[in-house]
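Encoded as structure tokens, the structure appears first; notes follow it.
The values are calculated or read from the model by the stated rules, or taken from the named source; none is laboratory data. Bear in mind that the values here come from a model prediction, so they are computed numbers and not experimental data. Neighbour counts are summed over all protein chains in view; Cβ atoms, including those assigned to glycine, are modelled from backbone coordinates with ideal geometry. These area figures cover heavy atoms from the full protein model, side chains too; ligands, DNA and RNA do not enter into them. Shrake-Rupley method; radii C 1.70, N 1.55, O 1.52, S 1.80 Å.
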Amino acid sequence: MRPKVASESYTETVQVVLPNDANSLGFILGGTVMHLIDIAGAIACHRHTRTLLVTAAVDDLQFLHSIKVGDLIILKSRVTCVFTTSLEVQVDVFSEETLTGNRQLTSRAFLTFVAIDRDGNHVRVPPLLVETDDDRRVCEEAQARRAERLRKKMAIGSLGRQ
Ligand SMILES: CC(C)(COP(=O)(O)OP(=O)(O)OC[C@H]1O[C@@H](n2cnc3c(N)ncnc32)[C@H](O)[C@@H]1OP(=O)(O)O)[C@@H](O)C(=O)NCCC(=O)NCCS
């Protein structure tokens, strides 16, 4: 499998927040932002793997600022680290005021996707080419998050057996 650099799958999506996306205060719904994060993360991972994918985990999510109707919502997704059949993607969400161009980071999410075939079997994903010190740091941080995620999964799994 041909290794790929993160820039090959890097994805930026932009859309305007419409009244249908908003709560009664005129701010985009948290659930809508989560939906867009899932899609933005999946697109970058599809571009890296060129396989079917399922979302395995979404790390905890914070909403630092509200995004109002008429603002742009921008999602930047970057594959941070690739494991065997799974990979992690970082999705940064920004608001942008259309009249001023004022841009703010509103959320940062880390998601894990697992590559599958049409029968649901897990399949290996192409390696990520780590080229710079920054790429290396990002991947090391992803490995630490992965360990914590799998620890939490084990803890939740043991609840299911009670
Ligand atoms: C996610 C899922 C495929 C994992 O299947 P599984 O058989 O329990 O997983 P395994 O223990 O064999 O692990 C497979 C890979 O997924 C990773 N993984 C599994 N659960 C994970 C989790 N909660 N967080 C992070 N990684 C996870 C493993 O680390 C492993 O990665 P690797 O091959 O790169 O080392 C399975 O639980 C599933 O299908 N869940 C539902 C997914 C879904 O419906 N998502 C929403 C709609 S797309």
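With a 1.4 Å probe and all protein chains kept in place, how do K68, K152, K76 rank by accessible area, largest first? Before the final figure, lay out each step's value.
Values: K68 80, K152 105, K76 55 Å².
My answer, sorted largest first, is K152, K68, K76.
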If a cysteine in the chain has no other Cys Cβ under 4.7 Å from its own Cβ, put it on the list, ordered by number.
C45
Mind putting together the pair-distance distribution for region 68-162? All Cα pairs, 5 Å bins, whole percent per bin, short to long.
3, 11, 15, 16, 16, 14, 11, 9, 4, 1, 0, 0
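Could you sort I28, I156 by their accessible area in this structure, using a 1.4 Å probe and putting the largest first?
Working: I28 20, I156 110 Å².
Reading off the accessible areas and sorting them downward yields I156, I28.
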Rounded to the nearest 10 Å², the 1.4 Å probe accessible area of D117 is 50 Å²
Residue-normalised value, i.e. accessible area per residue, for region 30-162 at 1.4 Å probe, in Å², stands at 56 Å²
With every protein chain left in place, what is the accessible area of L159 in Å² (1.4 Å probe, nearest 10)?
100 Å²
Spin-label point model (7 Å from Cα, Cβ direction): what's the L159 to T32 distance in nm?
3.0 nm
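Considering only protein heavy atoms and a probe of 1.4 Å, how much of the accessible area of the chain is carbon and sulfur, as a whole percent?
Working: 5060 of 9410 Å².
Answer for the chain: carbon and sulfur cover 54 percent of the accessible area.
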Output ³J(HN,Hα) for region 102-110: one whole-Hz value per residue in order, computed from phi by the Karplus curve 6.51 cos²θ - 1.76 cosθ + 1.60 with θ = phi - 60°, and x for Gly and Pro.
4, 10, 9, 6, 10, 8, 10, 10, 10
Could you work out which residue, out of G41, G30, G101, moves most in a Gaussian network model of the chain, that is, has the largest mean-square fluctuation with Cα springs under 10 Å?
G101
What stretch of the chain, leaving out the sites themselves, is the longest with no chymotrypsin sites (Phe, Trp or Tyr not before Pro) in a DSSP loop having at most 16 other Cβ atoms within 10 Å?
84-162
When you take every Cα atom in the chain, what is the radius of gyration, and what is Dmax, the widest Cα pair distance, in Å?
17.0, 55
Once all protein chains are kept in place, V69 shows an accessible area at probe 1.4 Å, nearest 10 Å², of 60 Å²
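Please figure out what share of the DSSP beta bridges in the chain is antiparallel and state it in percent, rounded to the nearest 5.
Details: 36 of 37 bridges.
Approximately 95 percent, going by the DSSP bridge assignments.
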Which of T80, T55, T112 fluctuates most in a GNM of the chain (C-alpha springs under 10 Å)? That residue is T55
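With a cut-off of 8 Å between alpha carbons and a minimum separation of six or more residues, what is the relative contact order of region 33-129 in percent? Kindly include the intermediate steps, with their values, before the conclusion.
On the way: 201 pairs, mean separation 32.3, N = 97.
RCO, region 33-129: 33 percent.
Show L87, L150 ordered by accessible area, largest first, where the area counts protein heavy atoms only and the probe is 1.4 Å. Mind showing how you got there, number by number?
On the way: L87 0, L150 85 Å².
The ordering from most to least exposed comes out as L150, L87.
Going by a ≥ b ≥ c, the root eigenvalues of the Cα gyration tensor, does region 106-162 fall in the rounded group (a/c under 1.5), the prolate group (a/b larger than b/c) or the oblate group?
Numbers: a/c = 2.31, a/b = 1.33, b/c = 1.74.
Since a/c reaches 1.5 but b/c is at least a/b, the shape of region 106-162 is classed as oblate.
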Share of Cα-Cα pairs in region 84-131 lying beyond 14 Å, as whole percent:
67 percent
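Counting each DSSP H run of 4 or more residues in the chain as -39500 (n - 2.57), what helix-only mean residue ellipticity at 222 nm follows after dividing by all residues, to the nearest 500 deg cm²/dmol? Don't jump to the answer; show the numbers that get you there.
Numbers: 2 runs with 48 residues, N = 162.
My calculation for the chain gives -10500 deg cm²/dmol from helical runs alone.
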